[in-house]
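Participant: I'd like to ask some things about the structure below.
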Amino acid sequence: MTTAQSQANAGSAYTKKPGTYNAALTEVTRGTPMGELLRRYWHPVGMAADAGSTPRKVRALGEDLILFRDGQGRAGLVESRCCHRGTTLYYGRVEERGIRCCYHGWLFDTEGHCLEQPCEPGGGQHRDRVRQPWYPVEERYGLIFAYMGPPEKKPVLPRYECLDVMDEGETVEADDSSIGGGGGQIIPCNWLQHYENIPDAFHVPVLHGSFSGVQFVAQMGLMPKVKWEYADAGVKTLSVRELDDGKLHFRISEASLPTLRVVPNPRVAQYSRVESIGWVLPIDDTSFRIYVAGRVKNPGDLGKIRSKMNNKLWSDLTEEEHQKFPGDYEAQVGQGPITFHSDEHLATTDQGVVMLRRLLQRQLDAVAQGKDPAGVAFNEKDAVVNFDSGNYVVERDDPRVASLLSAKAAE
């Protein structure tokens, strides 16, 4: 083959090697590096109302669990398989003191203690030797959080200033419909494909601002000047857009550990601190969902953040419209169940993605070395979290934007 022929054939798909992905960053089951890291944090596993007198299936971090609330009002999260003979507690009956298995009537409380074995002599004289696998839960912001890691490493459930400090007339509302995911409640791809989308500032003016038409507001379609910074437990994306009146739209978003999307309203309903937080919950290696809690003045305000394509909600689009007006769902699910990192060609505008991956790798290394990862606290004082995220209007001489204005757009 001549040099000219070789050059002409370069890049042929036939010569491409099979793609691979970074398993350490993507796989979340117990025993995997990321699975063990994520288990060192609290994660929302349901809305407060989901815990009731009817057992509810929960799948989180590759584990099948049952959520319920006993007659005394205590929420419980237990392994789906009954520890007696393995049938699912989904068909159990919730009672005053716990959940009773349908198969042989064993009764377990919210912490897995076996209270009754009705078929055994004396109601189960050795029932205290049996315990249904369970996880601790706490309720906050209208959500139920679970800690699924080593008991001796359990941190304090964080409190977030942006959800605790209310402006006049505000309350906190929770939502489980995966706002911010661009699609349905369950999104069929790896969680990292969404999480690393948070510092990907340049997909906003392209995907959301020009390619599919204006999905948020026109000013979000302007090409921003961007820089990224490490926070204590995350990566901050700082961007500036020029407004018609000569002022600047200064925007800060954060991808914060373990899976938090701290993204101010892309519809720019107000210029102020971030209004809501989203938790990206990996269901397993190839699906995730998002729980959101935010400050609202009216019920349903959270849902108004949801993006639209062709002036329709994602669920109302035809297949032709999905192809013509793609959003985050199409772009991320379109990468495949777990994207092939070996096939990527990262550029300067992907700096935030690279920084986030490096942050995650540092936490994997810390846990492997027996250390605590960033963003966990073991007392109430240290568990209070503040974010810089928000939409702001600033003057050109604002010191926060000086370095951005003097930088190239993609720096």
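Nothing in this text is a laboratory measurement; each read-out follows from the coordinates by a stated rule. Keep in mind it's a predicted model, so treat the numbers as computed, not measured. Glycine also receives a Cβ, built like all others from the backbone with ideal geometry; neighbour counts cover every protein chain displayed.
Participant: Take the Cβ-Cβ distance between A48 and D232 as r, set R0 to 35 Å, and report the resulting FRET efficiency rounded to the nearest 0.05. Could the numbers behind the result be given before it?
Facilitator: Values: r = 29 Å, r/R0 = 0.82.
Here the calculated transfer efficiency is 0.75.
Participant: Rounded to the nearest 10 degrees, what's the angle between the helix 351-368 long axis and the longest principal axis of the chain, both from Cα atoms, 0 to 90?
Facilitator: 30 degrees
Participant: Also: Have a look at S210, S389, S80 and tell me which one the Gaussian network model of the chain (Cα, springs below 10 Å) gives the largest fluctuation.
Facilitator: Of the options given, S210 has the highest mean-square fluctuation.
Participant: Under a plain spin-label model, where a point goes 7 Å from the Cα along Cα-to-Cβ, how far apart in nm are Q369 and R30?
Facilitator: With each label point 7 Å from Cα toward Cβ, the separation is 2.8 nm.
Participant: What value in Å³ per residue do you get for the convex hull of the alpha-carbon atoms in segment 43-138?
Facilitator: Numbers: hull volume 8.3 nm³, N = 96.
Normalising the Cα hull of segment 43-138 by residue number yields 86 Å³.
Participant: 7 Å from Cα along Cα→Cβ at both D382 and Y271: what's the point-to-point distance in nm?
Facilitator: 3.8 nm
Participant: So how far apart, in nm, are the two label points at Y14 and T87 if each is 7 Å from Cα heading toward Cβ?
Facilitator: Output for this residue pair reads 5.9 nm.
Participant: Let me ask something else about it. How high is the relative contact order of segment 110-150, in percent, counting Cα pairs under 8 Å that sit 6 or more residues apart? Before the final figure, lay out the partial values.
Facilitator: On the way: 41 pairs, mean separation 13.6, N = 41.
Here the relative contact order equals 33 percent.
Participant: Next up: Given C-alpha coordinates of the chain, what is the ratio Rg to Rh with the Kirkwood estimate of Rh?
Facilitator: Numbers: Rg = 23.8 Å, Rh = 23.3 Å.
Rg divided by Rh gives 1.02.
Participant: Additional query: Sequence gap at least 6, Cα distance under 8 Å: using those rules, report the relative contact order of the chain to the nearest whole percent.
Facilitator: Numbers: 883 pairs, mean separation 81.9, N = 411.
Rounded, it is 20 percent for the chain.
Participant: Relative contact order for segment 43-138 using alpha-carbon pairs under 8 Å, separation at least 6, rounded to a whole percent? Numbers along the way, then the final one.
Facilitator: Working: 216 pairs, mean separation 20.5, N = 96.
For segment 43-138, the relative contact order is 21 percent.
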